[in-house]
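The values are calculated or read from the model by the stated rules, or taken from the named source; none is laboratory data. Computed from a prediction, not measured in an experiment: that's the story for all the values here. Cβ placement follows ideal geometry from the backbone for every residue including glycine, while neighbour counts extend to all protein chains displayed.
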Amino acid sequence: MNACLFTLWLLGVNDTQIGDPANQDEWRIPGFQLAMGIESFGSAGPAKTTIFNGGLGLMLRPTIHLDEQWSVAATLRYQMLHRGLSGYRWRATAGIMYHPFSSLRMLLSFGYAGMKADVDHPDVTVDDALSQGRTRDASAAALNSCDGTGAVGELEFAYLLRLGSVLATGPYISADLQWLHCEDRHDVIDSATGLASRTDQWWTTYGWGAGWMVVWR
């Protein structure tokens, strides 16, 4: 019996009987909420490489609670890269959030992303063949660095523990898929233009993460 009641409490189904009903109702009414989180993540890619990297990041998310089950949210993430890639990446997304139970939140969002990072241990070195202007060859080996932007899609699941009528906290997990137009600048001067040579390439990377957030309303 105790196990059943605990399960119902975790799912947020028995809001009127477990905890403070006033606090539970206030979290389900429409209004503005602000979330901040700290997260650890990993990612892999681009294709045809063995680059795996990870790091720590911060998350900021204003949310408009529309009704008991739906919200719209904008998310900004900034993440420092290490192990495989050295640098940083960021993502700015907007999406729709579904909360089937009062404590469970599922967010699907899309937006704009960027990265500025160097490969710690390149699979290949840039040679003179890459110094003749710009190339756009998806079948070539991955660049030794990436400075670019592109599109991103994210999926996130969060579980919140309410600490009162204005504060909640809890864990979340996420997954993302990025398509970035990367550019790698070289020290070699292009004889035709007199400018530093650069090579561009599309990178597709996928990532995963876990973190802890605090939410105010």
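Being closer than 30 Å to Ser165 by Cβ and either under 13 Å from the mean Cα position of the chain (by Cα) or buried (at least 17 other Cβ atoms within 10 Å of the Cβ) (or both) is the filter here, so list the residues in the range 197-217 that pass it.
Gly209, Ala210, Gly211, Met213, Val215, Arg217, listed by residue number.
Quick check: anything in the range 56-75 closer than 30 Å to Ser145 by Cβ, touching a His at 6+ places or on another chain (Cβ under 9 Å), acidic (Asp, Glu) and not in a strand (DSSP E or B)?
Looking through the range 56-75, none of the residues is closer than 30 Å to Ser145 by Cβ, touching a His at 6+ places or on another chain (Cβ under 9 Å), acidic (Asp, Glu) and not in a strand (DSSP E or B).
Look at Tyr98 and say whether it is within 17 Å of Gly211 (Cβ to Cβ), of a type in the set (Phe, Trp, Tyr) and at pLDDT 90 or above. Explain how you work it out, then say what you get.
Details: within 17 Å of Gly211 (Cβ to Cβ): no; of a type in the set (Phe, Trp, Tyr): yes; at pLDDT 90 or above: yes.
No; evaluated as a whole, the condition is false for this residue.
For the subset of the range 87-119 comprising residues that are loosely packed, with under 15 Cβ neighbours inside 10 Å and without any contact (Cβ under 8 Å) to a residue 40 or more places away in the chain, which member is farthest from the chain's Cα centre (by Cα)?
Pro100
Taking the range 175-217 as the search range and keeping residues that are closer than 22 Å to Ser71 by Cα and among the charged types (D, E, K, R), which one is modelled with the highest pLDDT?
Asp176
Do the conditions hold for Gly55, that is, is it surrounded by 16 or more Cβ atoms within 10 Å (Cβ to Cβ) and at pLDDT below 95?
yes
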